[in-house]
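Nothing in this text is a laboratory measurement; each read-out follows from the coordinates by a stated rule. Since the structure is predicted, the reported quantities are computational estimates derived from the model, not experimental observations. Note that each Cβ is placed from the backbone with ideal geometry, even for glycine, and that neighbours are counted across all protein chains shown.
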Amino acid sequence: MILSIFLPNAGCKHRCKFCNQYSMTGEKMPTIEEIRNTFKLFKEKKPDEIAFYGGTFTGLNIELQEKYLKLSRDIFPNLPLRISTRPDEIKKENLELLKKYNVQIVEIGIQSMYDDVLDASSRGHTVKDNINAVKLLLENGFTVSAHLMVGLPLDNFTKSFRSLEKLINLNVKLFRIHPTIVFKNTLLEKEYLHGKYVPLSLKTAVNICSEQQLLAFSRNVNIIRLGYFVPENQKKEIVAGPYHPSFGDIVKAEAMRKIITRLNIKQVYFPRHFTSWFYSYENKKLNVKKEIWNGPIMFDKLSLQEASSLSLKKEN
Ligand code: SF4
């Protein structure tokens, strides 16, 4: 279990066009005392990892970063930590501090590998910053979990797909992919209300992300989250965009459908816990024999990796 401490927009020196973490999560900035109490409360539950999510951890002043890290180490001496941050706040000095406190995974908001998209989204960093940050983190032994968004201003299918591909080529192996949602009290909301920004439909977002999922399967990298988790009481903050509570499941089911139809697969085999990938949404009606077994997912005689790769080739 990951014990997460959420620090909304903490350490962010400016606000990205789509972001308002108070609206998105309903979380408030915790005091050090509140964090200490949370740690004590969860100590008995024996978490496996501590995460400082939200905002730009390495953008906080260095004393405050150390206060959070030390508090965590004092209560959970041997646990690995993870933090979230942005590419232009990754500097050699930060990394020394993170290493000292056993931070192992850095969640980094890349969002796009195209400068025009980053600029149009008021990200305040460039693709060069993305590349430098990823290289520096990997060289220093951190695991990088790269966050990407689809449907940002000036983004399109090809840019979303290639952004993922470019990061895989840089040796990133963990990803979170979020379709862009318009939340209240963001600049993107204003642009949307003035007709300057048109969000993706759910169908288009699923189409793009299912191709990204096929790419991830074909290159053996892991997308650990697809779509935003929005707590029930924050759903009123969504103004527009392709939000769906089961977005990730829809994308996986669509990726399976694409493989089966593009490659004219006759029989699929899968472990029971993947049943929803093959039966949910449109996949109930698929004309293919389905068998639950204890082995890996197979499409006729093809592995998931081989079938994903062939399915991408077939489409292009
Ligand atoms: S997207 Fe990330 S960097 Fe931008 S304002 Fe939100 S938390 Fe800060």
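Taken about its Cα centre, segment 62-130 carries a charge dipole of roughly 380 debye when the Cβ of each Lys and Arg holds +1 and the Cβ of each Asp and Glu holds -1. Against the main long axis of the alpha-carbon atoms of the chain, helix 127-139 sits at an angle near 80°. Once the C-beta distance of Leu193 and Phe229 is scaled by a Förster radius of 30 Å, the resulting FRET efficiency is 0.75 to the nearest 0.05.
Only Cα pairs under 8 Å and 6+ residues apart enter the sum, and on that basis the relative contact order of segment 257-315 stands at 45 percent.
For Tyr197, the residues whose amide H sits under 5 Å from its own are Tyr192, ignoring neighbours fewer than 5 places away on the same chain, with H placed 1.01 Å from N.
For Val239, the residues 5 or more places off, or on other chains, whose built amide H falls under 5 Å of its own are Val182, Phe183, Lys184.
Roughly how many debye, to the nearest 20, is the charge dipole of the chain about its Cα centre, given +1 on each Lys and Arg Cβ, -1 on each Asp and Glu Cβ, and no other charges? For the chain, the charge dipole is close to 700 debye. Among the trypsin sites (Lys or Arg not before Pro) in segment 262-307, those located in a DSSP loop and surrounded by at most 10 other Cβ atoms within 10 Å of their own Cβ are Lys301. Counting only alpha carbon atoms, the long axis of helix 304-315 and the longest principal axis of the chain meet at about 70°.
Inter-label distance, Ser246 to Lys313: 3.4 nm, where each label sits 7 Å from its Cα along the C-beta direction. Taking every DSSP helix (H) stretch of at least 4 residues in the chain, weighting each as -39,500 (n - 2.57) and dividing the sum by the residue count yields a mean residue ellipticity at 222 nm of -12500 deg cm²/dmol.
Remark: spin-label model distance Lys91-Thr158 equals 3.8 nm, labels positioned 7 Å along the Cα→Cβ axis. Helix 62-75 and the longest principal axis of the C-alpha atoms of the chain enclose an angle of approximately 80°. Across the chain, the relative contact order, built from alpha-carbon pairs under 8 Å that are at least six residues apart, equals 14 percent. For the listed peptides 208-215, 48-55, 184-191, 226-233, a ranking on the average number of other beta carbons within 10 Å per residue, highest first, reads 208-215, 48-55, 184-191, 226-233.
Classified by the C-alpha gyration tensor, segment 257-315 has an oblate form. Its axis ratio a/c, with a ≥ b ≥ c, is 1.5 or above, and a/b does not exceed b/c.
Placing unit charges on the Cβ atoms of the charged side chains and taking the dipole of segment 2-245 about its Cα centre, the candidate lying farthest along the positive direction among His125, Leu170, Ser4 is Ser4. Using the structure shown, select from Lys266/Lys289; Lys159/Lys235; Lys184/Lys236; Lys28/Lys100 the pairs with a Cα to Cα distance greater than 18 angstrom. Violating the 18 Å Cα-Cα cut-off are Lys159/Lys235; Lys28/Lys100. Determine, from the Cβ-Cβ distance of Lys40 and Lys184 and an R0 of 25 Å, the FRET efficiency 1/(1 + (r/R0)^6), rounded to the nearest 0.05. With a Förster radius of 25 Å, E is 0.15. Rounded to the nearest 20, the Cβ-based charge dipole of segment 257-315 about its Cα centre (Lys and Arg +1, Asp and Glu -1) stands at 180 debye. Note on Lys99: aspartates and glutamates with a C-alpha under 17 Å away, same-chain residues under 8 apart excluded, are Glu49, Glu63, Glu66, Asp74, Glu89, Glu107, Glu139.
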